[in-house]
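The values are calculated or read from the model by the stated rules, or taken from the named source; none is laboratory data. This structure is a prediction, so every number in the text was calculated from the model and none was measured. Every residue, glycine as well, gets a Cβ built from its backbone with ideal geometry; the counts of neighbours run over all protein chains shown. Just the protein is used for accessible areas: all its heavy atoms, side chains included, with ligands, DNA and RNA removed. Shrake-Rupley method; radii C 1.70, N 1.55, O 1.52, S 1.80 Å.
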Amino acid sequence: MNGTNGSQIPRVRIEDATKTFGEVQALRGVSLEVQAGEVILVIGPSGSGKSTMLRSVNRLERLTSGRIWIDADEVSNSASDLRRIREEVGMVFQSFNLFPHLTAAGNIMLAPMTVKGASRTEARADAERLLARVGLADKADAYPGQLSGGQQQRVAIARALAMNPKVMLFDEPTSALDPEMIKEVLDVMLDLAREGMTMMVVSHEMGFARAAADRVVFMDEGEIVETGSPDQVFDTPSHDRTKRFLEHIL
Amino acid sequence: MAEVNDKQNIGVSDGALIPDQADKSVFSAWRISFFGAIILLVALPLFSPDPYWNIIMFVPDGILRTFQVTVLSIVFALIIGLFTGLGRISRITVINRIATIYVEVIRGIPLLVQLFYIYFALGQFVQVPRMVAAVIAMSVCYGAYMGEIFRAGIQSIPKGQMEAALALGLTRTQALRKVIIPQTFRIILPPVGNEFIALLKDSSLVSIVAVADLLRRGREYASQTFEYFQAYTVVALIYLVLTLFFSKLVAVMEERMSKHHRS
């Protein structure tokens, strides 16, 4: 969690992003810079554009206007090498999205073997190392259907890490989990943050925010309303909209 | 985003008889029909060897031919169906349109007419052996149905699967090949089983272009002996035993799959 370093280009730069779905304006001019190693928590009511912003970073959504860069590579440019950018950005989904026909190890090995041309032996060794890192060394050959939600989400994190991403995106990673499983996933995310991973996390887990986030971003109606340290935003929010929202979720 | 639940019902069927697994009683409709047919097939030749024993000795190579037509056609239909299904979800307009037109045209023409068309109408220009014409007609026709099954199967895979694969850097084609289609095969197994049974029954149409299948052999026997009632009774009973046997197989398969794969 090294702070910001003004002389470097940011790891992720979002500039005046807008996104329209038919009649709905999901993003209305969002700008945000995330430095390398920074952990950003994005909060806000549903429909505020948090997920859309996150999904634009690896172009699962295409912006209507505006630009996004990962380091020096422009993501929003249609000529950009989308595949290379997606290799550099790992993503973890609310519903895990593990591949049910592959084992835990198979899920992790798929992208390195298919995209990077890794050998089966290499990929397997890597998968076992990553599974150990998320505390699931003994589950390499289990199928997703045999794992609990928390275990599945940890496999999903390991799967994203297998591509050695520069940035990890988490889209409500604990929202689909039973309460007793949330901690095991947050612990893995905390470790990642401590190791210096650049992370953008859409989540309302305040404990995680206070322990790991450098900044909290509050979004509402497609705009960034307020940005600040976790203590600042949670304890002394400066906008009414932020206050009202926090009253609802606390 | 809500995950689509595990037991996908993709509901493409032409109504082949599938035994109701909930009916566990000893005298289920399936059991009565299946064992009733078998008992008749055994009892009739025992009590009345002439003509029933003679008929039963006469038709087996027809059963073999029926299986040949069915199995060959289902294999080709699966291949055609896979590409048709992919074409139906393709974002390339031309491919999409071609696949859709194929499905619409084929589904709008009765199988018997298609069979006549390939064997007799096109036969005016190219003479195809009748067995080849039969398999072509059956596979082209069922390929269109299979295409719809594949399409429904692919579309029943939750959207998150494709997104997760893309997010990992796979191309759409790689994602289809490694993530979507393997899951599709598992889902479409039961409806494909139903199509197999439907095809087995429809294969009797090929007897009209003189392929010596089960029905044709029965007819040959009957026209020599004029024992129409007896010959067609045996033919019907054999078809019934075959389709009931396979529909049970499909039902068991379906039940196993819904038990084993909950994800």
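Can you confirm whether region B:159-172 contains a residue that is in contact (Cβ under 8 Å) with a residue 12 or more places away in the chain and hydroxyl-bearing (Ser, Thr, Tyr)?
Among the residues of region B:159-172, not one is in contact (Cβ under 8 Å) with a residue 12 or more places away in the chain and hydroxyl-bearing (Ser, Thr, Tyr), which makes the answer no.
In region A:35-56, is there at least one residue being within 16 Å of the chain's Cα centre (by Cα), facing chain B (nearest Cβ under 10 Å), part of a loop (DSSP other than H, G, I, E, B) and hydroxyl-bearing (Ser, Thr, Tyr)? Outline the logic, then answer.
First, pick out the residues of region A:35-56 that are within 16 Å of the chain's Cα centre (by Cα): A:35-44, A:49-56.
Okay, now just the ones that are also facing chain B (nearest Cβ under 10 Å), so A:51, A:55.
Filter once more, so that each one left must be part of a loop (DSSP other than H, G, I, E, B): none.
No, that holds for no residue.
Looking at region B:90-127, which of its residues are surrounded by 16 or more Cβ atoms within 10 Å (Cβ to Cβ) and closer than 16 Å to B:MET138 by Cα?
Within region B:90-127, B:TYR102, B:VAL103, B:ILE106, B:LEU111, B:GLN114, B:LEU115, B:PHE116, B:ILE118, B:TYR119 meet the criteria.
Which of the residues spanning region B:174-208 are of a type in the set (D, E, K, R) and touching a residue at least 60 places away in the same chain (Cβ under 8 Å)?
Taking region B:174-208 first, the residues of a type in the set (D, E, K, R) are B:177-178, B:186, B:195, B:201-202.
Answer for region B:174-208, where residues must be of a type in the set (D, E, K, R) and touching a residue at least 60 places away in the same chain (Cβ under 8 Å): B:ARG186, B:GLU195, B:LYS201, B:ASP202.
Among the numbered conditions (1) under 12 Å from the mean Cα position of the chain (by Cα); (2) open to solvent by less than 20 Å² (accessible area, probe 1.4 Å); (3) within 8 Å of another protein chain (Cβ to nearest Cβ); (4) closer than 25 Å to A:LYS139 by Cα, tell me where A:LEU98 comes up short.
All conditions pass for A:LEU98, except number (1).
Considering B:LEU86, B:LEU40, which residue is out of contact with any Asp or Glu (no Cβ under 7 Å at 6 or more places or on another chain) and open to solvent by 70 Å² or more (accessible area, probe 1.4 Å)?
Result: B:LEU40 is the single residue among B:LEU86, B:LEU40 that is out of contact with any Asp or Glu (no Cβ under 7 Å at 6 or more places or on another chain) and open to solvent by 70 Å² or more (accessible area, probe 1.4 Å).
Find the residue count for region B:165-174, including only residues that are part of a helix (DSSP H, G or I) and either open to solvent by less than 20 Å² (accessible area, probe 1.4 Å) or more than 30 Å from A:ASP81 (Cβ to Cβ) (or both). Break it down stepwise before answering.
Step one: of region B:165-174, the residues part of a helix (DSSP H, G or I) are B:165-167, B:172-174.
Remaining after also requiring either open to solvent by less than 20 Å² (accessible area, probe 1.4 Å) or more than 30 Å from A:ASP81 (Cβ to Cβ) (or both): B:165, B:167.
Within region B:165-174, residues that are part of a helix (DSSP H, G or I) and either open to solvent by less than 20 Å² (accessible area, probe 1.4 Å) or more than 30 Å from A:ASP81 (Cβ to Cβ) (or both) number 2.
Report the residue count in region B:136-174 for those that are within 13 Å of chain A (Cβ to nearest Cβ) and closer than 19 Å to B:GLU104 by Cβ.
Here the count works out to 0.
Given (1) within 25 Å of A:GLN35 (Cβ to Cβ); (2) of a type outside the set (Asp, Glu); (3) within 14 Å of chain B (Cβ to nearest Cβ), where does A:ALA212 come up short, assuming only one miss?
Result: A:ALA212 passes all but (3).
Applying the selection to region A:153-164, what residues are more than 9 Å from chain B (Cβ to nearest Cβ) and either assigned to a loop (DSSP other than H, G, I, E, B) or under 19 Å from A:ALA123 (Cα atoms) (or both)?
Looking only at region A:153-164, we keep the residues that are more than 9 Å from chain B (Cβ to nearest Cβ), and these are A:153-155, A:157-158, A:161, A:164.
Within region A:153-164, A:ARG154, A:VAL155, A:ILE157, A:ALA158, A:LEU161, A:ASN164 meet the criteria.
Name the helices (runs of 4 or more DSSP H) wholly within region B:175-263 that hold at least 2 residues that are within 14 Å of chain A (Cβ to nearest Cβ) and of a type outside the set (D, E, K, R)? If you could, list the steps in order and put the result at the bottom.
Numbers: elements: B:181-202, B:214-225, B:228-260.
Correct list: B:181-202, B:228-260.
Could you tell me which of the residues A:GLU172, A:GLU221 is of a type outside the set (S, T, N, Q), away from every other protein chain (no Cβ under 13 Å) and under 17 Å from A:ARG55 (Cα atoms)? If you could, list the steps in order and put the result at the bottom.
Working: A:GLU172 fails: away from every other protein chain (no Cβ under 13 Å).
After applying the criteria, what remains is A:GLU221.
Just wondering, is there one or more residues in region A:57-72 that are open to solvent by 40 Å² or more (accessible area, probe 1.4 Å), in a strand (DSSP E or B) and more than 10 Å from every other protein chain (Cβ to nearest Cβ)?
Just the residues of region A:57-72 that are open to solvent by 40 Å² or more (accessible area, probe 1.4 Å), to begin with: A:62, A:64-65, A:67, A:72.
The next check asks that each one be in a strand (DSSP E or B); those that pass are A:65, A:67.
With more than 10 Å from every other protein chain (Cβ to nearest Cβ) added as a condition, the list becomes A:65, A:67.
Yes, there is a match, as at least one residue in region A:57-72 is open to solvent by 40 Å² or more (accessible area, probe 1.4 Å), in a strand (DSSP E or B) and more than 10 Å from every other protein chain (Cβ to nearest Cβ).
Quick one: is A:ARG84 surrounded by fewer than 17 Cβ atoms within 10 Å (Cβ to Cβ), within 13 Å of another protein chain (Cβ to nearest Cβ) and not in a loop (DSSP other than H, G, I, E, B)?
So A:ARG84 passes the test.
Can you confirm whether B:GLU254 is of a type outside the set (A, V, I, L, M, F, W, C) and crowded, with 21+ Cβ neighbours inside 10 Å? Break it down stepwise before answering.
On the way: of a type outside the set (A, V, I, L, M, F, W, C): yes; crowded, with 21+ Cβ neighbours inside 10 Å: no.
In short, no.
Whether any residue in region A:114-125 is within 21 Å of the chain's Cα centre (by Cα) and facing chain B (nearest Cβ under 9 Å) is what I want to check. I'd like the intermediate steps shown before the answer.
Of all residues in region A:114-125, those within 21 Å of the chain's Cα centre (by Cα) come to A:115.
Filter again for facing chain B (nearest Cβ under 9 Å), leaving A:115.
Checking region A:114-125: at least one residue is within 21 Å of the chain's Cα centre (by Cα) and facing chain B (nearest Cβ under 9 Å).
Only one of B:TYR102, B:TYR142, B:TYR117 is touching a Leu at 6+ places or on another chain (Cβ under 9 Å) and either among the hydroxyl-bearing types (Ser, Thr, Tyr) or not in a helix (DSSP H, G or I) (or both); which?
On the way: B:TYR102 fails: touching a Leu at 6+ places or on another chain (Cβ under 9 Å); B:TYR117 fails: touching a Leu at 6+ places or on another chain (Cβ under 9 Å).
Unique residue meeting the criteria: B:TYR142.
Considering region B:201-238 alone, what residues qualify as being buried (at least 23 other Cβ atoms within 10 Å of the Cβ) and within 14 Å of the chain's Cα centre (by Cα)?
Of everything in region B:201-238, just one residue is buried (at least 23 other Cβ atoms within 10 Å of the Cβ) and within 14 Å of the chain's Cα centre (by Cα), namely B:SER203.
Looking at A:ALA132, A:ALA137, which is the one that is more than 14 Å from every other protein chain (Cβ to nearest Cβ) and open to solvent by less than 60 Å² (accessible area, probe 1.4 Å)? Even if it seems obvious, please write down each step before you answer.
Working: A:ALA137 fails: open to solvent by less than 60 Å² (accessible area, probe 1.4 Å).
Exactly one residue qualifies, and that residue is A:ALA132.
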